[in-house]
1. If we keep just the residues of segment 226-236 that are surrounded by fewer than 22 Cβ atoms within 10 Å (Cβ to Cβ) and in contact with a strand residue (DSSP E or B) (Cβ under 7 Å, 6 or more places away or on another chain), which is farthest from SER66 (Cα to Cα)?
2. What number of residues within segment 167-188 satisfy the criterion of being more than 13 Å from the chain's Cα centre (by Cα) and more than 23 Å from THR132 (Cβ to Cβ)?
3. Looking at segment 63-104, which of its residues are in a strand (DSSP E or B) and over 15 Å from the mean Cα position of the chain (by Cα)?
4. Please state which one of ILE182, ILE143 is assigned to a strand (DSSP E or B), among the hydrophobic types (A, V, I, L, M, F, W, C) and under 27 Å from SER216 (Cα atoms).
5. So the check is Cβ under 9 Å with 6+ separation or different chains; which pairs have a first residue in segment 190-204 that's at positive phi and surrounded by 11 or more Cβ atoms within 10 Å (Cβ to Cβ) and a second one that's among the hydroxyl-bearing types (Ser, Thr, Tyr) and in a helix (DSSP H, G or I)?
Amino acid sequence: MQSESNSTHIPGELAVSVQHLGLTYTTTIDRRPTLKARVRTLGRGTKHTRVVRALDDIMMDVPYGSVLGIVGANGAGKSTLMRVISGILPPSQGRVEVYGKVSTLLALGVGFSPTLSGRQNVELGGLAAGMTRKEIASHFEEIADFAELGDAIEAPMRTYSSGMFARLGFAVAVTVRPDILIVDEALSTGDAHFKEKSLNKIKELRSDARALILVSHGLGTIRDVCNEVAWLDKGKLIKRGEPNAVVDAYEKFLKVGKSAAIDEDI
């Protein structure tokens with residue numbers, strides 16, 4: 001469920017409510033038979049199905065004025081949760097209520113057409129986010145300047161590096177001035193200068209009474225930017241609370257301690 005966006009929001013007002021959220025899907029595994037079994041079944045393999053509980057009874061509220069960090073190992077359900085909140089995936093159980101306009105940066109270049117120029121993709125991205133052509137035109141220079149693409153903004157995006165994709169995607173996502181911004185690992189690509197610039201932009205949005213959800217393996221970034229952290233593991237919400245407390249518990253779980261390797265935003 002997504003409600004209409006308000007022009008202003010009060011810190012503490014509810015932005016996202018996740019209630020008993022579950023997502024289950026079924027995968028098929030094609031097992032190759034042994035020679036003996038192949039002869040017995042005339043060469044046919046056997047297919048086995050496996051039920052995967054990607055999200056399991058997740059409960060959380062995200063208020064305006066907050067930055068919620070999401071941590072967890074690969075396969076914990078972080079990206080799946082973001083896709084459900086964004087409306088990309090329907091839940092199997094439970095409910096998600098979103099009170100405002102959502103802008104998502106879930107992966108590099110999602111929604112971009114590689115055959116179109118950067119300029120054309122900015123226009124498409126703005127329209128998809130609900131901006132008028134006049135609003136897009138008035139913000140285009142701001143987007144182009146933030147992305148730092150220079151003349152490449154007029155080139156087809158198939159000629160872009162992954163870093164260029166990331167810069168333009170982030171520039172569009174933050175410039176549409178969303179009520180709720182979801183960023184999933186998009187800050188892990190790019191040079192140090194752009195990472196710092198992006199983090200400063202997120203801090204700016206944080207001070208603007210918006211709601212941000214940031215997924216990252218960079219625990220140093222999570223500690224620095226977020227005012228609350230949720231730790232997922234195997235689709236379950238393990239712990240949620242103050243950033244240092246949750247990240248410390250997660251690091252202890254990983255048995256790596258506070259090493260530079262895990263704190264580094266990679």
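Values in this text are rule-based calculations from the coordinates and carry no lab data. Keep in mind that this is a model prediction, so the values were computed, not measured. Methodologically, a virtual Cβ is constructed for each residue, glycine included, from the backbone with ideal geometry; neighbour enumeration extends over all protein chains shown.
1. Step by step, filter segment 226-236, then rank; the result is LYS236.
2. The total comes to 1.
3. Across segment 63-104, the qualifying residues are PRO63, GLN93, GLY94, ARG95, VAL96, GLU97, VAL98, TYR99.
4. ILE182
5. Matching pairs, first to second residue: GLY190/SER162; GLY190/SER198.
Every residue, every condition in (1) surrounded by 15 or more Cβ atoms within 10 Å (Cβ to Cβ); (2) under 30 Å from GLY22 (Cα atoms); (3) of a type outside the set (A, V, I, L, M), yes or no:
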| site | (1), (2), (3) |
| --- | --- |
| ILE88 | no, yes, no |
| GLN93 | no, yes, yes |
| VAL102 | yes, yes, no |
| GLN120 | yes, no, yes |
| LYS134 | no, no, yes |
| ALA144 | yes, no, no |
| GLU148 | yes, no, yes |
